[in-house]
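The values are calculated or read from the model by the stated rules, or taken from the named source; none is laboratory data. Here the structure is a predicted model, which means the values were calculated and not measured. So basically every Cβ, Gly included, is an ideal-geometry build from the backbone, and we count neighbours across all protein chains shown. Surface accessibility is based on the protein's heavy atoms, side chains included, excluding ligands, DNA and RNA. Shrake-Rupley method; radii C 1.70, N 1.55, O 1.52, S 1.80 Å.
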Amino acid sequence: MQAAEHVTSPATARPVVDNFRLAALHRYHILDTPACEDFSFLTELAARLCDVPYAFVSLVDADRVWVKACTGMQLGQLPRNDSYCSLAVLGTPDLEIPDLQGDPRTAHLPLTVTAPFMRRYSSVALMSSDGFAIGALCVLDTKPGYLDRQQRAMLVKLAHQVMALIELRASEKTLAATVRELEQLATTDELTGLHNRRSLLHRLRFETARAKRFRAPVSAVMVDLDYFKRINDEFGHAAGDQVLAAIGQLVRDHVREIDVAGRYGGEELCVVLPNTALDGAMHFAESLRLRIAAQTHEIGPRMLAVTASFGVGTFDHFDVADAESLLRQADAALYRAKRGGRNRVEGPSTERL
């Protein structure tokens, strides 16, 4: 086909519809993604079927044209006003310029006036599911000329394949994000943001099994908020939830990446400390106790301080050699801390930190 006279020049002011086109492009989250053999294969096939040395899959962003795949030369991106593909997305779905040097819209562009001195451009727009051209599959040559009818038909079919691949990749990303979200919902306590009880126990069993296999240390810290029922009774459950949420955030902010912090039940929390012996676990518990005691909670017109009692258990590979016995030891230490006056840390023995 002849170069369409109504196709916009790259430097011409863009129509309002370009904003919708850009929104469609960005929904696919494809820009700046790694190279992919599937897209490269389609450009190689396009170049071979059209009997030209160059082919590109180009996505037209606001101020640049980014090349997802190319054959014949390496090209990452171009300024939008320097690219032939900027014409393709604002004009007809298929664009052919038989002599780039003789067309005033393209005669001055870098790929025309510098090596490899392009002379011929043919493209098919990549149309989004809602009907916007987000880019183009294009073929180029250093000799002027046209695609024949069969070549044009094949280029159209290949463009459909490129778009189907873009849709597939976007669907895979959406599915992966959904799976991650569902996993998070299934493992996270909504109020505190910590692991829920089921996830906590699962991770605890994993860590104790690993400790047993590799003879590595692992400890558990049980945390119980002191007199928490009084907060609910005096200020209401919403206030209690507010306090729990704030303490959950504090715990999340002060555990390591490898630690597992969870809501064991009610106002009771548990932190699993992999690769941590008793001394390290006791130090962690005391540090967390001080942080909780120093935190204040704004409940209506009042500022409320809350304390917590801590019980520490640690793997000894003998009497304490599985998840259940580790929890029993930490829970027994917590009971001693509460019986001993609360707002304190107790370890496996009755000695006070």
*Determine the distance separating the Cα centre of region 120-142 from the Cα centre of region 301-336; give it in Å without decimals.*
64
_Which order do the peptides 73-80, 49-56 come out in when sorted by mean C-beta neighbours inside 10 angstrom, highest first?_
49-56, 73-80
*For the modelled label position 7 Å from the Cα of Arg252 along Cα-to-Cβ, which residues of region 146-183 have backbone nitrogen atoms closer than 16 Å?*
181-183
*asked:* Charges on Cβ only, +1 for Lys and Arg, -1 for Asp and Glu, centred on the Cα centroid of the chain; of Ala69, Cys270, Leu191, which one is farthest towards the dipole's positive end?
replied: Cys270
*Where the only charges are on Cβ atoms (+1 Lys, Arg; -1 Asp, Glu), what is the dipole of region 102-215 about its Cα centre, to the nearest 20 debye?*
700
*Determine the share of region 130-283's accessible area contributed by carbon and sulfur atoms, expressed in whole percent, with a 1.4 angstrom probe.*
54
*Cα-based reach from Lys229 at 25 Å (exclusive), listing lysines while leaving out same-chain residues under 8 positions away*: Lys338
_Once R0 is set to 22 Å, what does the formula 1/(1 + (r/R0)^6) return for the Cβ-Cβ distance between Tyr227 and Ala293, expressed as a FRET efficiency to the nearest 0.05?_
0.95
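About its Cα centre, what dipole magnitude does region 194-353 give when the only charges are +1 on Lys and Arg Cβ and -1 on Asp and Glu Cβ, stated in debye to the nearest 20? All intermediate terms of the calculation are to be shown ahead of the outcome.
Numbers: 23 positive and 21 negative charges, 44 e Å.
With only Lys, Arg, Asp and Glu charged at Cβ, the dipole is about 200 debye.
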_Is there a quick way to get the dipole size of the chain? I mean about its Cα centre, with the Cβ of Lys and Arg at +1 and of Asp and Glu at -1; what is the value in debye to the nearest 20?_
460
*Report the antiparallel proportion of the DSSP beta bridges in region 169-316 as a percent, rounded to a multiple of 5.*
95
*How big is the accessible area of Ile299 in square angstrom, nearest 10, if you roll a 1.4 angstrom probe over the protein chains?*
20
_Suppose the chain between Leu182 and His26 were pulled fully straight at 0.36 nm per residue; how much longer would it get relative to their current alpha carbon spacing?_
53.8 nm
_Estimated [θ] at 222 nm from DSSP helical runs (n ≥ 4, -39500 (n - 2.57)) normalised by residues in the chain, nearest 500_ = -14000 deg cm²/dmol
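Is the shape of region 19-156 rounded, prolate or oblate, going by the alpha carbon gyration tensor and its root eigenvalues a ≥ b ≥ c, with a/c under 1.5 for rounded and a/b larger than b/c for prolate?
In terms of gyration-tensor shape, rounded.
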*May I ask you to derive the FRET efficiency for Asn81 and Ala35 from their Cβ-Cβ distance with R0 = 30 Å, giving the value to the nearest 0.05?*
0.75
*What FRET efficiency would be calculated for the residue pair Phe117, Lys173, taking the C-beta separation as r and a Förster radius of 45 Å, to the nearest 0.05?*
0.70
*Using a 1.4 Å probe over the heavy atoms of the protein chains, calculate the carbon and sulfur portion of the accessible area of region 286-336 as a whole percent.*
53
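If you take the square roots of the eigenvalues of the alpha-carbon gyration tensor of region 155-238 and sort them as a ≥ b ≥ c, do you get rounded (a/c under 1.5), prolate (a/b over b/c) or oblate?
It comes out oblate by the Cα gyration axes.
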*Rounded to the nearest 10 degrees, what's the angle between the helix 149-187 long axis and the longest principal axis of the chain, both from Cα atoms, 0 to 90?*
10
*Could you provide, to the nearest whole Å², the per residue accessible area of the chain with probe 1.4 Å?*
50
*Fully extended contour minus Cα-Cα distance, from Lys143 to Phe214, at 0.36 nm per residue*: 18.8 nm
